[in-house]
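Computed from the coordinates by the stated procedures, all read-outs in this text should not be read as laboratory data. Keep in mind that what you see is a predicted model, and the values were worked out from it rather than measured. Backbone-built Cβ (ideal geometry, glycine too); neighbour counts: all protein chains shown.
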Amino acid sequence: MAPWYIDLIERAFVNIQIKPIVKGLLTFVPGLREWFSRKRTGGTNRAEYCYEVWLKHLTMASAHGLERIPGTVAELGPGDSLGIGLAAALSGANRYYALDVVEYSSVESNLRIFDELVDMFKRRAPRPPTGWPDYDEYLDEGLFPSHILTPDILRVSLSTERLEEIRKVLADPGYHSDSISIRYSVPWANDDIIEDGSVDFIFSQSVIEHIDDLDTTYKALYKWLCPGGMMSHQIDLGAHRLSGKWNGYRAYSEGIWKIIVGTRPYLINRQPRSTHIRSIREAGLDLVCDLKRSTPEKGIERSQLSSRWKDISDDDLACSDMFVQAKKTRTR
């Protein structure tokens with residue numbers, strides 16, 4: 001058997017970039033570990049992004065069985081701000097749980113994005129340019145879900161009194177409101193953080209690929225959802241710049257992968273689409289929307305797969321993105 005460093009060198013030059021390995025090694029250096037864990041995530045630092053993501057999840061959920069604006073929502077991994085949850089609040093949600101493993105959000109960024117979102121909702125702004133999945137077929141000519149966010153609903157959700165109450169809650173975490181609740185929990189470590197059967201809608205955007213224990217997570221989501229509640233997740237199955245090709249992480253041996261992960265609190269779980277689907281179903285949730293996409297970008301060949309992934313299906317090997325929604329129609 002060749003020494004481990006020979007395997008490292010071969011794979012670094014044939015299938016991957018050396019940069020992720022160096023970064024992983026640096027996380028073992030005291031001081032740098034904290035720096036890596038607190039790097040900004042991107043995306044939710046822009047109101048336009050938060051607005052588009054929320055409209056997508058809400059519109060797609062409405063098309064697949066969501067009957068009304070959810071009153072209680074929960075988000076996994078809000079990232080740099082609570083902007084997507086604030087968009088939910090501006091649509092009529094009164095209770096929002098934001099669950100993360102590292103605290104990125106700040107009062108200043110949340111207030112800035114809130115004000116920008118208020119302007120976008122008041123203008124019924126068209127959804128910003130989007131990628132995948134395309135949901136324009138469910139929008140009106142102005143690219144706004146006016147059949148969901150009707151004038152009557154927005155009149156209430158954007159009332160001066162309600163906006164002021166949301167702003168007070170954002171500005172002062174200690175402020176108690178009888179009508180609006182925003183709970184930012186970091187780190188999220190167990191499933192008793194939310195009362196069972198109390199959430200109408202749970203969502204995430206490019207987050208679940210970072211969670212290692214999928215079975216426990218999907219079971220927690222099932223517990224939190226009320227009967228008839230829905231969850232909605234967009235999941236990026238790509239390499240997140242950890243290799244030279246979009247699925248190059250499947251060429252890593254387990255030893256190399258441990259070096260790349262280093263001491264970071266999370267990276268990516270590398271699980272394929274079929275694992276997510278199985279875990280969702282075993283949690284007791286019924287799929288109502290299951291979309292998948294294969295990127296046109298060339299990936300690694302089957303012959304380059306590490307031993308862990310050598311039996312992966314062709315469908316899983318080619319799937320770069322998935323968008324899934326599921327409903328709690330059964331109780332246990």
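Applied to the range 208-222, the Karplus parametrisation 6.51 cos²θ - 1.76 cosθ + 1.60 on θ = phi - 60° returns per-residue 3J(HN,Hα) values of 5, 5, 9, 9, 6, 8, 5, 4, 5, 5, 5, 5, 5, 4, 4 Hz, with x for Gly and Pro.
As I understand it, the dipole of the chain uses +1 on the Cβ of Lys and Arg and -1 on the Cβ of Asp and Glu, about the Cα centre. Which of S185, V73, G174 lies farthest toward its positive end? Among S185, V73, G174, the one farthest towards the positive end of the dipole of the chain is S185. With each label modelled as a point 7 angstrom along the Cα→C-beta vector, the N190-L158 pair spans 4.3 nm. The slack between R112 and R124, meaning 0.36 nm per residue of separation minus the straight C-alpha distance, is 2.4 nm.
At the listed q of 0.13, 0.16 Å⁻¹, the Debye profile of the range 223-332, built from one uniform point per Cα, gives log10 I(q)/I(0) equal to -0.57, -0.80.
Backbone geometry of the range 302-315 corresponds, through the Karplus equation with coefficients 6.51, -1.76 and 1.60 at θ = phi - 60°, to 3J(HN,Hα) couplings of 4, 5, 8, 5, 6, 4, 4, 10, 5, 9, 4, 5, 4, 5 Hz, x marking Gly and Pro.
Within the listed set G71, G142, G229, the residue fluctuating most in the Gaussian network model of the chain (springs between alpha-carbon atoms under 10 angstrom) is G142. Here the extension length gained between S274 and R68 equals 71.1 nm, from 0.36 nm per residue of separation less the Cα-Cα distance.
Each part reduced to its alpha carbon centroid, the range 200-224 and the range 81-95 end up 19 Å apart. Close amide-amide hydrogen proximity is noted between I182 and Y96, each under 5 Å apart and 5 or more residues distant or on a separate chain (H modeled in the peptide plane; Pro and chain starts excluded). Within a straight-line Cα-Cα reach of under 13 Å, K292 can be paired with the following aspartates and glutamates, leaving aside sequence neighbours fewer than 8 residues apart in one chain: D134, D236, D315, D316, D321. Ranked from largest, the principal axis spans of the Cα set of the chain equal 69, 41, 41 Å.
Pairs exceeding a 26 Å alpha-carbon distance, out of K168/K328; K23/K219; K56/K223; K19/K258: K168/K328; K23/K219. Quarter the surface of the alpha carbon convex hull of the range 119-244 and you get the mean projected area, 11.1 square nanometres.
Going from the fewest other Cβ atoms within 10 Å to the most, the residues K292, K56 appear in the order K292, K56.
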